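Undergrad: Please read through the structure below; I'll follow up with questions.
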Amino acid sequence: MPPEPCHIAMLIDGDNAQPSLIENILAETAKYGIVTTRRIYGDWTTPNMSGWKDFLHSHAMQPVQQFRYTTGKNATDSALIIEAMDLLHAGTVGGFCIVSSDSDYTRLAMRIREQGLFVMGAGRADTPKSFVNACKVFVRAEIPSAKAARKAVGENESVAATSAGKKSKETSPKTKQPLRSAWHEIVKNAIEKAAASDGWADMAAVGSHIRQLDSGFKSSNYGCSKLSGLIQSSPNLFETRKDNGAIKVRLKS
């Protein structure tokens, strides 16, 4: 029999997350298990929580009321962390999805991983690296689709090329792509860590090292559904081949 899917608790910081993105986040979380606990934390007496009310029944979410006892202090963080620790010690779930862009949850994510459980984060692109890398997987929920991501990356690379003086040597004549992009350095480091003595590395091992270097890295953020396709889009930097059905990759001299 196949192993039982991981039961995941989704804990949402209602003060810090966007209701319109919850469907995308649920879809991403479903790749790793079954979301059995769904809770949204916040002060439901305030106007900023009104956007969440339409999602409570349609997505079977439990609202958790947390009054703000002192101005400037976020009591929502404390409530979410306390209940996360209760669930952790109860042993009823095998993983967590923390929906927030707040670095205050960094230690919580680390503590859950120390216990051997899966931790997924979901938040904005500007989420502090400390929280992103404390999670096993991090989803930058602001990017709604690969098409939008491809457009954003193209704009960023265009700006980078302009600021560099539009040097022709920075662009490959065949691929019409800048020789360096945001993801190139991460992939390069991962290949170096996974490579055998001949310089070739297994694509799966490279993917594993990438997740260790940056939990928020996703090929779809750069317009490709698979890591292999993303790497093959820069033939001026990386070389790939098939070996007994497995894809190998190495840095190009």
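Undergrad: Which of (1) in contact with a helix residue (DSSP H, G or I) (Cβ under 6 Å, 6 or more places away or on another chain); (2) on the phi > 0 side of the Ramachandran plot does Asn244 not meet, given it meets every other one?
TA: Against the list (1) in contact with a helix residue (DSSP H, G or I) (Cβ under 6 Å, 6 or more places away or on another chain); (2) on the phi > 0 side of the Ramachandran plot, Asn244 comes up short only on (1).
Undergrad: Please enumerate the residues belonging to region 44-75 that are buried (at least 17 other Cβ atoms within 10 Å of the Cβ), farther than 27 Å from Gly116 by Cβ and either touching a Ser or Thr at 6+ places or on another chain (Cβ under 7 Å) or of a type in the set (Val, Ile, Thr) (or both).
TA: Within region 44-75, just Gln66 meets the criteria.
Undergrad: Now for a different question. So which residues in region 97-107 are outside any loop (DSSP other than H, G, I, E, B), open to solvent by 10 Å² or more (accessible area, probe 1.4 Å) and of a type outside the set (Val, Ile, Thr), if there are any at all?
TA: Within region 97-107, Ser103, Asp104, Arg107 qualify.
Undergrad: Right, here's the next one. Out of all the residues in region 78-92, is one or more hydroxyl-bearing (Ser, Thr, Tyr), over 19 Å from Met120 (Cβ atoms) and either touching a strand residue (DSSP E or B) at 6+ places or on another chain (Cβ under 9 Å) or open to solvent by 10 Å² or more (accessible area, probe 1.4 Å) (or both)?
TA: Yes, region 78-92 has at least one match.
Undergrad: Also, I was wondering about something else. So, Ser225, is that one under 30 Å from Ser20 (Cβ atoms) and at pLDDT below 85 or not?
TA: So Ser225 does not fit the description; no.
Undergrad: Among the residues that make up region 201-217, is at least one of them outside any helix (DSSP H, G or I), closer than 30 Å to Arg124 by Cα and either of a type in the set (A, V, I, L, M, F, W, C) or modelled with pLDDT of 85 or more (or both)?
TA: yes
Undergrad: Of all residues in region 212-237 being surrounded by 20 or more Cβ atoms within 10 Å (Cβ to Cβ) and of a type outside the set (Ser, Thr, Tyr), which is nearest to the chain's Cα centre (by Cα)?
TA: Residue satisfying both the conditions and the ranking: Gly216.
The values are calculated or read from the model by the stated rules, or taken from the named source; none is laboratory data. Bear in mind that the values here come from a model prediction, so they are computed numbers and not experimental data. With ideal geometry, Cβ positions are generated from the backbone for all residues, glycine too; neighbour counts draw on all protein chains shown. We work out accessible area using only protein heavy atoms, side chains counted, and drop any ligands, DNA or RNA first. Shrake-Rupley method; radii C 1.70, N 1.55, O 1.52, S 1.80 Å.
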